[in-house]
1. Would you mind ranking 336, 149 by Cβ crowding within 10 Å, fewest neighbours first?
2. Quick one: divide the alpha-carbon radius of gyration of the chain by 2.2 N^0.38 Å and tell me what you get.
3. For the chain, set up a Gaussian network in which alpha carbons nearer than 10 Å are linked by springs, and say which option among 300, 39, 54 fluctuates the most.
4. Which length gain, in nm to one decimal place, applies between residue 66 and residue 25 when the Cα-Cα distance is subtracted from 0.36 nm times their residue separation?
5. Cut-off 10 angstrom, C-alpha nodes, Gaussian network model of the chain. Which of 411, 287, 34 fluctuates the most?
6. Could you give the semi-axes, largest first, of the ellipsoid that matches the stretch 82-123, computed as the square roots of 5 times the alpha carbon gyration tensor eigenvalues and rounded to whole Å?
7. Within a 10 angstrom radius of the beta carbon, how do 38, 284 rank from fewest other beta carbons to most?
8. In the Gaussian network model of the chain, springs joining C-alpha atoms below 10 Å, which of 358, 325, 171 carries the largest mean-square fluctuation?
């Protein structure tokens, strides 16, 4: 645990945040999470549900929003310990899985997940910026140069810390709301809802519906291990929970609606680009593009912020500054490879092999075994380092990760493995291994 030598950057790493700094309300968390939602990376699953899953926009919308809502409920619930104890999420994970699994497996997986989404968001935003510069200024700038510049700015803001996240999202919110309104205006001005392909469930199939519902669930449920990174500054646990859920649910409603409509009518996976080009007015198109860039910045500050805490949990000797710098350098490098975005469903599915069992263990341990309360005995053992091995968690993670990889994608392995992992861990924790409560 390292203190900062400057007040410019956030001072607190793995140590608790003082009560005097726990001042954030539910409205501030709702703004933060809403600002994170409507972005190029989050549009991928809704648009792919239509363009690759061949679902109607209504079926695709319901699939991804239901999957996301289930994930958001769990993410909000796991934000409560952060508000109660002032600790970051990845440190709290030690109380659920034991320090070995938390630092050697859970945190590295979270780092990889955050790095992946940081790069995907940057790639999507860079394509937007590249298109604008080319179309409006007739200048061709190499993708890699733009990606390095944009990702570098976001990595720096994440280095500043939570205060930067809060201020930036509050500043961006009006522009983001107007941008979303203009996107819907462009869509509605061109779509005929009497068109059977847009207006009906003619292409509904249970297989793709469950698959994309599971994919949306997998995409967001990984947040259970990091939601406390934000809510450690909350006034109360209720304020943190409410703000996280309201903001996420409302934000993804807009994401799913715009994404599925664009996928259905425009056959595109990047609504910011296609809607700015289809806009009847140049200024409307420019504003949509600008809001897309701000959305990318908002979510990626969050990705880098939480990802650096995961890295810090694995490698505490780095300190918060150096862990943020290292995350930023790797994230900038990954952002130069557009394939990460074009193969999103492939990467999300395989990341799920680690994310899903771990997320299920965290949720089950906290909500069902510890009954939503971490005892003083558990916290003392975590702080002292004496709670190293949770054998029930280790066995559940290892076995269910293998099973996940063996199940065909058509069987929606994400939600299936989450439920199976929860049941297996519950049985092992109560009947086979002794779990401290």
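The numbers here are math on the coordinates, done by the rules we state, and not lab data. Quantities reported herein were computed from a predicted structural model and do not represent experimental measurements. Cβ atoms come from the backbone with ideal geometry, glycine included; neighbour counts cover every protein chain shown.
1. 149, 336
2. For the chain, the normalised Cα radius of gyration is 0.95.
3. Taking springs between Cα atoms under 10 Å, the residue moving most is 54.
4. Separation in residues times 0.36 nm, less the Cα-Cα distance, equals 12.1 nm.
5. 411
6. 23, 14, 5
7. If I rank by nearby Cβ atoms, fewest first, I get 284, 38.
8. 171
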